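Readers should treat all values here as calculations from the given coordinates under stated rules, not as data from a laboratory. Keep in mind that what you see is a predicted model, and the values were worked out from it rather than measured. With ideal geometry, Cβ positions are generated from the backbone for all residues, glycine too; neighbour counts draw on all protein chains shown.
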Amino acid sequence: MEIVRSQREPTHSAASTTSAKLSFYRSAPALEVRLEDFELYAIDRLRVLQGISDGLSRGKKPEEMEKLVLLLSTSPPRDELRKWFLSMETSLFRYRFRLESPESQRSLMSEFQLPYKAISRAEFETVKEKLNQVARSIGQPLNADTLFFKAPFEEVPELFAGRRVFLQKGFAYVAMHQVVSLVATQFRSNLSKCLVLTNRKWTSTIRDTERDRLAPIIEALSTGYLGPDYSQPKNSAEISLKDINGQASSSFPLCMRHLFDKLRETHHLKHGGRMQLGLFLKGVGLRLEDALLFWKSEFSQKVLQIVGAERFDKEYAYSIRHNYGKEGKRTDYTPYSCQKVISSTPSTGDHHGCPYRHFSEENLRAALTKMGVCGRSVDGILDKVRNKHYQIACTLTFEAIHDAPYDSGINHPNQYFDASRKILQNKMEST
Amino acid sequence: MSKDENLVEDKMQIDQHDSDRLQKNVPDGFSEDYLKVYYGKLFPCVDIYRWLSYGNDGKHPACDQSYFGRREFSFTLENDIYLRFLSFNNVVEMESSIRKKCPFKIDIGPVYTVDPAKRRAYAQGGNNVFSPIERELVFDIDMSDYDDVRYCCSGADVCLDCWPLMNVAIKVLDMSLREDFGFNHILWVYSGRRGVHCWVCDGRARRLRDEQRASIAEYFHVNKGGENNAKKVNLTGAVLHPFLARSYTEVLKDSFEKKMLLSQKLFASEDRFQKILQIIPDDSIASELLDKWQGNRRSSISKEDVNVSRWEQLKHVLQSGKHKVQGLRRCVEEIIFTYTFPRLDMEVSKHMNHLLKAPFCVHPKTGRICVPIDPNDCDDFDPTTVPTLSQLIEELNMSNKRSESEEDWERTSLRKSIEIFRSFLSALLKSCKKEINSNVRQSTDARNW
C-alpha cells in the first residue's frame, strides 16, 4: 500500500474479496490514498465505529478505503485500542451479515471458504433429541427444516460459553440462525491478522519522511478513540486522605461507594475489590504514599493484626505499589472502565463488580435508597436494570443524586467522579 | 550415590537425636531438611519432565528439541523469595536446580515462543515476540468458595463431610471435558489442603487461546453473583441444556439428596433452612414452609431424618403445580445446583500465562503431598489420609530397598500416586507420539501478500 502525496486521484487496483458490500480480509487490497483524504476517511470511520459503540448506527459508507486507512491508523499498537477496533469492526460486520437473506448468507459462507458443512440427515437423526433440548433451553424452538452446521468448538466461543449450542466430542452443532457467530469469528481472526501484517509493513516499508507526516495524524486518531483512560490524573484533581470520606458519599459511583463502605465496615476486601477500588482511587488522584497509608489504616484493625506488619508490607503493600507501576514490570495500570467492571465475575465473599448487574433487586434498592435516591427514581433505575442497561441505570442514579441531566452517559467510574466534582464545584462557586 | 547415602545416615541421626528439635519448629512435619530428602529421593522429576515434554524428548526428527526449554517454571523459596521465568533445557538441569534450591513451591507456567530466560532479548520494537504459545487448560476448585453452603468447616479446613463437594466437581467437569469437548488426557491433582486442580493436556487444549479458555470457564459457570445476590443460580428456559441436565441426573441430584443434605444438616436449624427458602421466588410459599418448620415440635418420634422430611415437603410444594407462579418451574434444580454444582476460580482458567502449582509439590502448611486423584475412583479419595512429607521420610527410613532396581518411592505411601500419574502419562505419551509421527499440527495460517 502506498501513501501518495500528489494530486492524483486514488485508484482501485486489484480486487479485494468478492462481495461488494462485505469484505472479508482474506488478502489486502492494494490502494493508494491521498494524505489529505486519509484523515477525513479515518475520522469518518471513527464516527461509524463510535456510533456503534454508543448504540447508534449510521448509514452505509464506501468500505474499502476507510477500512484500509483505519488498519493503518491502529497500527501503533495499543492493545486496548486494537481490541476495541476488532470488536467494533466485528459488530459492524455481524450487523451487515444478518441483514442478508439465508441463501445469500450461505453463498457468502462458501465464498469465504469457511470449512463448515451442513450435517447429513443421518447425523441429524442421531443428535436430534439433544438439539431439540438445547433449542428449548434457549427459547428458540426448532422448526422442521432448521439446518445445522458442525464446527469445532474453538470456532464458536460465544455460542458455547452461553450454552446455546450442543457440544459433542469437541464439535458444536450450530443452527442456521446462529451461523452469524461462526462467520464473525472468522472475520475477526482475519482482521486481526491483517492488523499484525499491516503493522509490520508499516514499520518496515514506510519511509521515514512519510512516517513523520502520518504519525501525528495517527497519534491524534488513536487517542481520540477511547477517550481518557484516567491513567494520569490531572494535578488539580488530587484527593487527600481527609477529603476521601466526604467525596465518597457525594461523588463516588455506587460500585466504588459500596466497596469503600464495605472496607470501612469490615476492614478487609478480597483481591477483586482491592483492584477495582484501588485503581479507581489512583484515577481520582490519590497519591501512592497516601494510598499506602489509607489501606494500611483500614486493614490495621483486622488483617494487619493477623498477618503482621512485615507480611502486610510484602503482600498487600507490594500489590498497591504494583498498581502504581512501581514494581514488577512497572505497568501503570489503568482504572477499570464500566465495561470491565460489568464483566467481572464476583463470587463468594466478593463485593466488586457492577451493583446494577451483580446485586439482587432488593439489595440494589436498599443501596440506592441509602445513597439518597428517591423512590420513583429507584423504580426507573430498576426498570433499566431488568433490561440489562446497567450503565444507563448508573447514569440515572447520577442524575437523580445531582439533580441535573447528564447526556453523555457513564462509561467509566472515574468519569462519574469527575462529572460529580464539577457539578458540586460549580454549585459552590455560584452560591 | 555416596552423597545420598550420607544424607540418609544424617537423617537417621537427626531422627534419633534431634527429633524433638524438629518437632518443635515444624508444623505438621514440614521442614527444609525433609524437603531436601524428598527432592533427592521421592519427587518424580523425570516423570514430570516426560509429561511436560509431550513426546519432544524423543529421537524422532519431528521432535522439537527446544520445546521443554521454552516452558516457564517458578520457584518459591524460603522467606517468600520468588523466582519467575525459570527454564531448563533438559531433565538434568531441572533436577539439579530443584535439588539445589529446594523450593517450597514449584509452579508451572506456559510454553513461550522463546526461552523465557532470554525474553528481554526479544522485547524490542514493541513487537510482542515473547508470548505464550501453549499451555494446558487448567481449573482450580477451592473449598473455601463453598463456605456459604457448608457448615461442617470453613476457610482452610476440610473434612469428610464437605469433601464430597470436590468429588461432585471432579465428576461433573471430567465428564463434560470428555463428552462435550472431546478431551482425553485429564490429570486431577489434590492441591494439598482444601481443593483440587485439573490439567487438561490434549494438544488441542494446550493450543487454546485466552478467549476460548474464558468461554470454557463460562460454560461451566452456573453459580453467579457475589455476596449481594441471594439467588445465585438462574435456570431459565423450558428445559435444561443437555450438559446441565446430565450433570443433574448423573451426579448432582444424588449427591445432594443422599450426601450433602444429611452431612450438612441443611434444614436442621432456622438460619440454615432460611437460606434455602430465600432461593424460592414466591414469598407465600416460602412463608408457608417457614411457619410449618418454625413451630415444629416433632411430636411423634419420627424415624425419618428432619432434613430429609423437610426437603421432601419443599419438593412436594414446589413441584405440585398448584401454584402457578413464574420462576418456580426449576426451583428444585436451582437449589440443588446452588448447593452442589462446581465452583471454579474463573481467573485461573482464563489466561495462558497463569502459573499453577506442580503436582507432587509439598504443601507448606499441611505437609501433604499434592497427589494425583483418579477421577474414576474419587469417591474413595480421603484428603485427611494423604501422605505427608514427614510420613514419607519416616517410611523411607524404616524400610530397606528390596531389590537393586527398586525405586525409593515404591516402598512408601507415594507408590499408588506415582502409579496413577504414570498410567495417565503413558496414555498421553502414546498419543503424543502418534501426533509427532504423523506431524499433525495446526499450522499457523501463512498468508502471502
Report, as an integer, the average count of C-beta atoms from other chains found within 10 Å of each Cβ along A:152-161.
6
Explain nothing, just the number: dipole magnitude of chain B about its Cα centre with +1 on each Lys and Arg Cβ and -1 on each Asp and Glu Cβ, in debye rounded to the nearest 20.
1180 debye
Neighbour counts of other C-beta atoms within 10 Å: give me A:Ser251, A:Ser101 arranged from fewest to most.
A:Ser101, A:Ser251
Per-residue mean of other chain beta-carbon atoms within 10 angstrom of the beta-carbon, peptide B:238-247?
6
Place a +1 charge on the Cβ of each Lys and Arg in the stretch A:242-349 and a -1 charge on the Cβ of each Asp and Glu, then give the dipole magnitude about the Cα centre in debye, rounded to the nearest 20.
200 debye
Based on the alpha-carbon gyration tensor of the stretch A:363-412 and its eigenvalue square roots a ≥ b ≥ c, which shape applies: rounded if a/c is under 1.5, prolate if not and a/b is larger than b/c, or oblate?
oblate
Inter-chain shielding metric for A:358-365, i.e. average beta-carbon neighbours from other chains within 10 angstrom, reads 4
Using a simple charge model, +1 on the beta-carbon of Lys and Arg, -1 on the beta-carbon of Asp and Glu, nothing else, what dipole does the stretch B:242-340 show about its Cα centre, in debye to the nearest 20?
180 debye
Taking R0 as 35 Å and r as the Cβ-Cβ distance between B:Asn376 and A:His389, the FRET efficiency 1/(1 + (r/R0)^6), rounded to the nearest 0.05, comes to 0.15
Area projected by the alpha carbon convex hull of the stretch B:165-223, averaged over all directions, nm²
4.4 nm²
Viscosity 1.306 mPa s, 10 °C: Kirkwood-radius Stokes-Einstein D of the stretch B:242-340 over Cα pairs, µm²/s
112 µm²/s
Among the listed pairs B:Lys100/B:Lys401; A:Lys128/B:Lys433; B:Lys232/B:Lys292, which are separated by more than 29 Å between their Cα atoms?
A:Lys128/B:Lys433
Sorting B:Thr385, A:Thr146 on the 10 Å Cβ count, fewest up front, what's the list?
B:Thr385, A:Thr146
Report the calculated FRET efficiency for B:Asn89 and A:Met428 (r = Cβ-Cβ distance, R0 = 56 Å), to the nearest 0.05.
0.25
Given only helices, namely DSSP H runs of n ≥ 4 each adding -39500 (n - 2.57), what is the per-residue ellipticity at 222 nm of chain B, to the nearest 500 deg cm²/dmol?
-11000 deg cm²/dmol
Given an 8 Å cut-off on Cα distances and at least 6 residues of separation, report the relative contact order of the stretch B:242-340 as a percent.
41 percent
For chain B, the Cα convex hull volume per residue in Å³ comes to 206 Å³
What's the center-to-center distance, using Cα atoms, between the stretch B:350-372 and the stretch B:373-412 in Å?
18 Å
Using Cα pairs under 8 angstrom and six or more residues apart, how large is the relative contact order of chain B, in percent?
22 percent
Which loop-located trypsin sites (Lys or Arg not before Pro) does the stretch B:312-377 contain, where loop means any DSSP state but H, G, I, E or B and the Cβ has at most 16 other Cβ atoms within 10 Å?
B:Lys322, B:Lys324, B:Lys365
At a 10 Å Cβ-Cβ cut-off, how would you order B:Cys159, B:Cys153, A:Cys354, A:Cys338, fewest neighbours first?
B:Cys159, B:Cys153, A:Cys338, A:Cys354
Which one, B:Ala214, B:Leu83, B:Met346, is farthest towards the positive end of the dipole of chain B when Lys and Arg carry +1 and Asp and Glu -1 on their Cβ?
B:Ala214
Pairs A:Lys270/A:Lys340; A:Lys270/A:Lys302; A:Lys329/B:Lys118; B:Lys59/B:Lys430; A:Lys262/A:Lys388; B:Lys171/B:Lys265: which exceed 19 Å Cα-Cα?
A:Lys262/A:Lys388; B:Lys171/B:Lys265
